[in-house]
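The values are calculated or read from the model by the stated rules, or taken from the named source; none is laboratory data. This one's a predicted model, so the numbers in the text were calculated from it and none came from an experiment. Every residue, glycine as well, gets a Cβ built from its backbone with ideal geometry; the counts of neighbours run over all protein chains shown.
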């Protein structure tokens, strides 16, 4: 049995509208792998739903970081419910909302959403990995690589293929803010370094590449490790 943790970016689920075409192909890939004795733990981000709710609330009343985070948490849980529904016959009945609790990994698919304010679902994935002695997390994002600086702001930004946690954390920093646009959550990065968990960041839309990662073949993406 090969157990895999995926941090599924909300931008893949709901970049603006729900991406049914992507979700159908994602489902097909995972079901094929389940037939090959894989198990998947999937933590979902909030995506555009999160941003829309945060922006709407902020336009009406002043919002604290904690309030913004709770909107993100519930958005991620809505996405988690969607993913659970499309894997219904294979999925654990309950969605994980506290990744610090140890559970029996019995179902082919286990879904998790946000936990509490202070970090993203990247952290939830790493926390779950640490508790259950997983060594890797695959971060399915809307970017092909992490970069040494923001490529939207700097034309000379360089893609990173392989990097140690100490150097990666210099790039992402140590502070979480609701809605932060970082290749991997800074708080999750700190925990991953402490727990010696390796992370792969890749473009989740390129499912042939995701398949290569699952099969331990050569892949396109960023590999982060101690």
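Here the condition is being in contact with a strand residue (DSSP E or B) (Cβ under 6 Å, 6 or more places away or on another chain) and either farther than 16 Å from residue 221 by Cβ or surrounded by 15 or more Cβ atoms within 10 Å (Cβ to Cβ) (or both); of 146, 188, it holds for 146 alone.
Please report, ordered by residue number, the helices (runs of 4 or more DSSP H) entirely within segment 136-226 with at least 2 residues that are more than 30 Å from residue 36 (Cα to Cα) and more than 18 Å from the chain's Cα centre (by Cα). Of the helices (runs of 4 or more DSSP H) lying wholly inside segment 136-226, those with at least 2 residues that are more than 30 Å from residue 36 (Cα to Cα) and more than 18 Å from the chain's Cα centre (by Cα) span 165-172. Could you please let me know if residue 131 is more than 30 Å from residue 56 (Cα to Cα) and crowded, with 16+ Cβ neighbours inside 10 Å? No. Exactly one residue out of 32, 56 is under 20 Å from residue 181 (Cα atoms), more than 16 Å from the chain's Cα centre (by Cα) and at pLDDT 95 or above: that is 56.
Scanning segment 94-111 turns up no residue that is at pLDDT below 95, under 26 Å from residue 205 (Cβ atoms) and not in a loop (DSSP other than H, G, I, E, B). Of the residues making up segment 154-170, those that are closer than 15 Å to residue 201 by Cβ, surrounded by 11 or more Cβ atoms within 10 Å (Cβ to Cβ) and out of contact with any helix residue (DSSP H, G or I) (no Cβ under 7 Å at 6 or more places or on another chain) number 8.
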